[in-house]
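The values are calculated or read from the model by the stated rules, or taken from the named source; none is laboratory data. Everything quoted here is computed from the prediction, not taken from an experiment. Every residue, glycine among them, receives a Cβ derived from its backbone with ideal geometry; neighbour counts consider all protein chains shown. Areas reflect the complete protein model, heavy atoms only, side chains present, ligands, DNA and RNA absent. Shrake-Rupley method; radii C 1.70, N 1.55, O 1.52, S 1.80 Å.
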Amino acid sequence: VQLQASGGGLAQAGGSLTLSCVASGRSYNPYVMGWFRQAPGKEREFVAGVGGSDGRTLYADSVKGRFTISRDSAKRTVYLQMNSLKYDDTAVYYCAFRRHSPSIATFREAYNYWGQGTLVTVSS
């Protein structure tokens with residue numbers, strides 16, 4: 001499975017961006033699809049995740065109420081709608097798939113496949 005993330009760019013504080021991540025290749029059947037981010041000099045952190053069978057979601061406290069994750073299984077795509085962007089949202093955003101468990105894990109080691117990252121820069 002290969003993941004291709006896109007949609008990053010420059011946004012003003014208070015603005016919006018939508019990230020997309022498309023999966024290709026065989027053996028596509030993730031239980032969980034998620035987004036992480038890594039700011040300069042910081043550890044990669046969980047942002048949001050969406051489960052497969054029931055579409056349940058989980059968000060980091062820092063983005064709750066501002067970001068929305070969704071998936072379109074037919075298109076093999078997961079989205080991250082980011083509203084009310086803040087300067088602190090500036091980071092490289094990575095999509096990730098988890099295959100072997102339906103739990104939305106918040107630690108990176110639980111995820112099996114990763115996209116290449118897309119840069120989001122928020123100007124204050």
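Data overview
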quantity	calculated
The stretch 2-17, subset more than 21 Å from Tyr87 (Cα to Cα) and open to solvent by 40 Å² or more (accessible area, probe 1.4 Å), residue farthest from the chain's Cα centre (by Cα)	Gln2
Residue that is surrounded by the fewest Cβ atoms within 10 Å (Cβ to Cβ), among those in the stretch 42-69 that are modelled with pLDDT under 95 and either small (Gly, Ala, Ser) or in contact with a Phe, Trp or Tyr (Cβ under 8 Å, 6 or more places away or on another chain) (or both)	Ser53
Residue in the stretch 18-29 that is surrounded by 16 or more Cβ atoms within 10 Å (Cβ to Cβ) and of a type in the set (Phe, Trp, Tyr) present	no
Single residue of the stretch 45-59 satisfying the filter (in a strand (DSSP E or B) and not hydroxyl-bearing (Ser, Thr, Tyr)) that is farthest from Pro102 (Cα to Cα)	Glu45
Subset of the stretch 104-124 [touching a helix residue (DSSP H, G or I) at 6+ places or on another chain (Cβ under 8 Å), open to solvent by 10 Å² or more (accessible area, probe 1.4 Å) and either under 23 Å from Arg76 (Cβ atoms) or assigned to a loop (DSSP other than H, G, I, E, B) (or both)]	Ser124
